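Participant: Questions regarding the structure given below will be posed in turn.
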Amino acid sequence: MNYTRDSFHSRIGFVLAAAGSAIGLGNIWGFPTQAANNGGGAFVLVYLIVTVLLALPALYAEMYIGNQAQKNPVGALQDACKNVSRNLGKWAGLFGLLGAVLMLSFYSIVAGWMLSHALSPLMALLGFTELSSWLADSSFARNLAFTPIFIILSALIINKGVHAGIERWSSRLMPILFVLLIGLIIYILQQPGASEGVAMYLQPDFSQLKNPQLIISAMGQAFFSLSIGVGGMMVYGSYMKKSADMGKLVISIGALDTLIAFLAGLLIIPTLFVAQHMGQEVFVDGQLIGGPQLIFSVLPTLFESMGDIGIYVSLVFFSLMSMAALTSTISSTEVPVAYLVEDKNLPRTKATAIVSLIVLAACMSIVFNFDTLFGLVITWVNSFQLPIMGLFYFIVVGWIWKRGNQLNDAALLASKPSLKFWGNYLRYVCPAMLSVVFINVLMSL
Ligand code: PHE
């Protein structure tokens, strides 16, 4: 098909879109819970180290491959692997695409919960009390209604394209998200009990550093948080000019993602202690409540106990969650859509519709078999899909991809010692470190 490839129009638009993909439920829910249960400040420290040493290089590798190929992840990996085998690249690309659909299959369900919880206080304000409590109570019917609503929201943005859809909406939603988050933190920190939470969050329990599980958890969290391994960052990189300095951009994206995760910890952990102060049970067997109970039971009960203001706090909190989720689902949706448009010559609207239907089918398989599939798919994506793809990106950038790869260009490397160091780091150190952690992940399953 003869068409000009859509692209991001500005560096800031690109950074906000990629940060939007990165900043999601993983930051606002996953990070604080992990921090609370893995030694507070000690987890934050290990997380920072793993992010800098391993996750940011993986993000760089993923984005750089897409950026230089200026193609969707299947085409980009095919190009990068052409010295060895185009088929290897193609299958790796398709594996990433499968990962994107699997990520969407559980993430859209959870995002639907956030959306219904955001609408619940709104309905209460409008006087629809029954509808409001239906929206706040988890049910099969609510999953059937809200998962498709969320998929449609992502589809509407994706259908508009890269500039008019992804870039525009990320640039709108991300600043709002930031303001809402800061506003909530300021409010919560003034409530009784909050300071105990701040202390628990920031005081490192260094005895936890001896626990090997800590590094595994931190790495899983860092890869998921930076959206590494499903091709979403690769496809975003491909919509950026080839001359862009990917290294600098990756650092900005990583910094924003880490900042928001850190701030989310400053919101969630003190909030739990405020809830405790109000008489709620927030520790189970010495561990802080983490899973769905934290977000969908402890927090709503706390908001209710705050009286009228609680309705607004709840509205703001769950709107924040919904926005964070939406800017993450669009990047994963773009992966298969870009593939269908570029490699299968489908018009964008048709590609978006097909992908949305596939995602809907995957979500519904989970909704109908929730107890067996939900946890399984999450474990597959987190413990297997993301690290193995990260490892593959390192091998591609460090070893397989030769022409057009600045990290494999002998003349360039000879003239720039810093590039040479960076090249060797990606080629030897990163895959070795990642393999060690990955083997440990597999052994801990
Ligand atoms: N990074 C997102 C989060 O933190 C999740 C995500 C993973 C998004 C993989 C896209 C791809 O919630």
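The values are calculated or read from the model by the stated rules, or taken from the named source; none is laboratory data. Predicted model only: the values in this text are computed from it and were never measured. Cβ coordinates were reconstructed from backbone atoms using ideal geometry, including for glycine residues, and neighbour counts include every protein chain displayed. What goes into the accessible areas is simple: the full protein's heavy atoms, side chains included, and nothing from ligands, DNA or RNA. Shrake-Rupley method; radii C 1.70, N 1.55, O 1.52, S 1.80 Å.
Participant: Which fully enclosed helices (runs of 4 or more DSSP H) of region 185-259 have 2 or more residues being open to solvent by 20 Å² or more (accessible area, probe 1.4 Å)? Let's see the steps before the verdict.
Facilitator: Values: elements: 194-202, 212-225, 232-238.
Per the criteria, 194-202, 212-225.
Participant: What are the pairs, 6+ residues apart or on separate chains, where a residue within region 214-232 that is more than 13 Å from M103 (Cβ to Cβ) has its Cβ under 8 Å from a residue that is away from the ligand (no atom under 14 Å from the Cβ) and hydroxyl-bearing (S, T, Y)?
Facilitator: I216/S444
Participant: Looking only at region 364-402, filter to residues that are touching a residue at least 24 places away in the same chain (Cβ under 8 Å) and part of a loop (DSSP other than H, G, I, E, B); which one of those is surrounded by the fewest Cβ atoms within 10 Å (Cβ to Cβ)?
Facilitator: Residue satisfying both the conditions and the ranking: K402.
Participant: Only one of these is within 16 Å of the ligand (Cβ to nearest atom), out of contact with any Leu (no Cβ under 7 Å at 6 or more places or on another chain), in contact (Cβ under 8 Å) with a residue 40 or more places away in the chain and open to solvent by less than 10 Å² (accessible area, probe 1.4 Å): G20, G24. Name it. Before the answer, list the steps.
Facilitator: Working: G20 fails: out of contact with any Leu (no Cβ under 7 Å at 6 or more places or on another chain).
Of the residues listed, the single one that is within 16 Å of the ligand (Cβ to nearest atom), out of contact with any Leu (no Cβ under 7 Å at 6 or more places or on another chain), in contact (Cβ under 8 Å) with a residue 40 or more places away in the chain and open to solvent by less than 10 Å² (accessible area, probe 1.4 Å) is G24.
Participant: Which condition breaks for V179 when tested against (1) assigned to a helix (DSSP H, G or I); (2) closer than 27 Å to G13 by Cα; (3) open to solvent by 50 Å² or more (accessible area, probe 1.4 Å); (4) in contact with a helix residue (DSSP H, G or I) (Cβ under 8 Å, 6 or more places away or on another chain)?
Facilitator: (4) is the only condition that V179 fails.
Participant: Across region 214-232, what is the number of residues that are more than 8 Å from the ligand (Cβ to nearest atom) and β-branched (V, I, T)? Give the steps one after another, and end with the answer.
Facilitator: Let us first name the residues in region 214-232 that are more than 8 Å from the ligand (Cβ to nearest atom), namely 214-223, 231.
If we keep only those that are β-branched (V, I, T) as well, we get 215-216.
So the answer is 2.
Participant: What are the residues in region 69-90 that are under 23 Å from the mean Cα position of the chain (by Cα) and open to solvent by 30 Å² or more (accessible area, probe 1.4 Å), if any?
Facilitator: Q70, K71, listed by residue number.
Participant: To continue, here is another question. Looking at (1) part of a helix (DSSP H, G or I); (2) farther than 30 Å from H277 by Cα, which one does N345 not meet, given that it meets all the others?
Facilitator: For N345, the failing item is (1).
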